[in-house]
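First the structure, in the form of structure tokens, and then the observations on it.
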Amino acid sequence: MDSGRIAEHGFLADGRSAALVDRAGSVNWWCPARFDSPAVFGRLLDDDAGHWSIRPEDDFGAERAYLDDTLVLRTVFTTRTGSVAVTDALALEPGARGHDIGLRSPRVLARLVEGLSGAVPVRLRYRPRFEYGRVTPYLMADDGGVDATAGAERLRLRGDVPVAVEGGQAEATAGFTVRAGESYGFTLGYAPTYDSGPPQVPDAARAVAETAECWRSWAGLHPYHGRYPEQVRRSALVVQGMTYQPTGAIVAAATTSLPEELGGDRNYDYRFVWVRDFSLTLQALWRAACPDEANRQFAWVARAMGRIGDEPVPIMYGVQGERDLTEHPLDHLSGYADSRPVYVGNDAWRQRQTDVLGEILDAAWLMRHYLDPMAPEVRQLLRDLADQAVTDWRRPDAGMWEARDAERHYVSSKVQCWTALDRAVRFGPRIGDPADVARWAAARDAVREAVLSRGWNDRLGAYTGAFDSDELDASVLIMPLVGFLPADDPRMRSTMDMVEAALSRDGLLRRWDTDPAGFVICSFWLVGCLALAGELERADALFGRLTARVNDLGLYAEQIDQVSGEQLGNFPQAFSHIGLINAAGLLTDAAERRRQGADRPRRPVPVGTGRTEGEQR
């Protein structure tokens, strides 16, 4: 694969899974059963792992955009003989509207080819490969379409032109000319081989139109009135597209093993749900006026976690709450830009990451009015998490960047343990008795003292990534965002300056000194810190540079190369879009404070005040 093509892809979603289609009209990724199921099109990771392309036969230029307020993608191809549009959608259930979209999606990929001018010869090439390219199915053509079946999966392709099976029944092709005013539809339906009826293959034009209306009905329920509405609305749609609707779980990304560095080996599977993302996701959903989705998110996490004992809190899950996500390589795949290994599963599920305690309790505090009256199991969960923070804050862990070499005393993990204990104290008698609250408050104050002393490096003039360390790390930017320190605290302000000077280039902030590329959400954290510090102009300027880094469809990967600007890592990345939404919200708050003549940010409620309502978030 061309190493510059991660950002060349558009993102389609149906509430169960995702597909990626490139600018040349090739669907290079689709895991139709659910986000983390085996791909039937995996060309993103190996040229021989399957794809489905529809494109002009002659040289062409391409311009593309989503239909307004949808994840329906329209690409216009212009050639020397005319122009055609190809509109792609992962179909949503006909008639579904608002919060019901995606609950019963038919697992259908619909593609509509329309002639705009002249006459354009078009070529279709269909090469499904099951189980990430391991299995080449037999293709069998009949008058109604083409069937592909192997093992537990089957596909059916239906089109408005004859499709011929070639290559020893390994691929199907079609050639046809599209003239102005003509249209040709194609639908590809998926179904398990044994436990359901045949794949659905609805009319493509109706499926595309209905899917667009489904998305618009959802967008219409979620008005956003803050700054940067266009970027926030697009990012909210992306986050919604990353949601597995039967449970409400939001996956970190739609792909596996897209590299953080071309040719490198940090290639992980991100098609799972990280608890770390939870609090930030809820804040983003609130910012984007999606409280119903926020409620579902909290309910999902509470169910997935179950009872908490002495073992480390699970830090990630499958979309239906699965815990065992054991990692294994797919050795038959060459990897994106020869970046191997390619992994399915993610062994980070085994790690201790104590920051998750703070993320869950912070999310509960955000949702506190919706947790009243509090269910007994929720009360027990929050109490158990606070109790675990009392002991675990003293332990080393793998940290939020999921280090696989050794555990350390990461400052961001300690800060989030402080967050867990701080929110537990604020909940007070709603989750614990007076002795519990006193114990949590004492531990909270101990964590704070340790961070302020052992996290600070006098020589650098900054809080560092770990206790007693000389290494800067962008993760400490969460300190003002969770209320541990105000952004205009002198030490925090010095830390922000040092992190930006050492790790940033043209607005792209690396996580640490040897990080190969800028990590998108870290840059948005810096925007938020500047906004909280009252530096609205600097924050606005940085936000503008970051939003100029999206691809032409408004999509972010996980990282961006600081020199070339190339997007790297799994794609699209929910964390990056969540960071944008929350940064836009903090900029909106800062602008409102300035308008009201209160430019200085509100400080977090001091430790020990006992207040439980109305604090700065």
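Data for the structure
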{"read-out": "R266/A24 FRET efficiency (R0 22 Å; Cβ-Cβ; nearest 0.05)", "value": "0.20"}
{"read-out": "More than 20 angstrom apart: percent of Cα pairs within the range 99-202", "value": "44"}
{"read-out": "Using a Förster distance of 35 Å, the FRET efficiency for D324-S494 (Cβ separation, nearest 0.05)", "value": "0.20"}
{"read-out": "Inter-probe distance in nm under a simple model that places probes 7 Å from Cα toward Cβ, at A141 and E449", "value": "7.9"}
{"read-out": "Rg/Rh (Cα only; Kirkwood hydrodynamic radius) as it applies to the range 369-464", "value": "1.05"}
{"read-out": "Stokes-Einstein translational diffusion, the range 182-222 - Kirkwood Rh over all Cα pairs, 0.890 mPa s, 25 °C, in µm²/s", "value": "200"}
{"read-out": "On Cα atoms only, tilt of 291-305 relative to the major axis of the chain in degrees", "value": "80"}
{"read-out": "Rounded to 10°, Cα long-axis angle of helix 204-220 versus longest principal axis of the chain", "value": "20"}
{"read-out": "With every protein chain in place, the range 1-146: carbon and sulfur % of accessible area (1.4 Å)", "value": "42"}
{"read-out": "The range 503-600: translational diffusion in µm²/s, Stokes-Einstein, Kirkwood Rh over Cα pairs, 20 °C, 1.002 mPa s", "value": "158"}
{"read-out": "Estimated FRET transfer efficiency when R0 is 25 angstrom, pair A65-T173 (beta carbons, to 0.05)", "value": "0.35"}
{"read-out": "Gain in span if fully extended, S183 to A33, counting 0.36 nm per residue against the direct Cα distance", "value": "51.1 nm"}
{"read-out": "Rg ratio (alpha-carbon, reference 2.2 N^0.38 Å) - the range 34-88", "value": "1.41"}
{"read-out": "Long-range Cα-Cα pairs in the range 22-144 (distance over 17 Å), rounded percent", "value": "64"}
{"read-out": "DSSP-defined beta bridges in the range 52-202 - what % are antiparallel, rounded to 5", "value": "100"}
{"read-out": "Over the chain, volume per residue of the alpha carbon convex hull, in Å³", "value": "147"}
{"read-out": "0 to 90° range, to nearest 10: angle between helix 376-392 axis and the chain longest Cα axis", "value": "60"}
{"read-out": "Compactness of the range 140-200 as Cα Rg over 2.2 N^0.38 Å, two decimals", "value": "1.26"}
{"read-out": "Gain in span if fully extended, R594 to D338, counting 0.36 nm per residue against the direct Cα distance", "value": "87.1 nm"}
{"read-out": "Convex hull volume per residue in cubic angstrom - Cα atoms of the range 392-523", "value": "111"}
{"read-out": "Proximal charge balance of A89 [Cβ under 10 Å; K/R count +1, D/E count -1]", "value": "-1"}
{"read-out": "Hull volume in cubic angstrom per residue (convex hull over the Cα atoms of the range 120-279)", "value": "221"}
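The values are calculated or read from the model by the stated rules, or taken from the named source; none is laboratory data. Computed from a prediction, not measured in an experiment: that's the story for all the values here. Neighbour counts are summed over all protein chains in view; Cβ atoms, including those assigned to glycine, are modelled from backbone coordinates with ideal geometry. Protein only, heavy atoms only, side chains kept; ligands, DNA and RNA dropped before computing areas. Shrake-Rupley method; radii C 1.70, N 1.55, O 1.52, S 1.80 Å.
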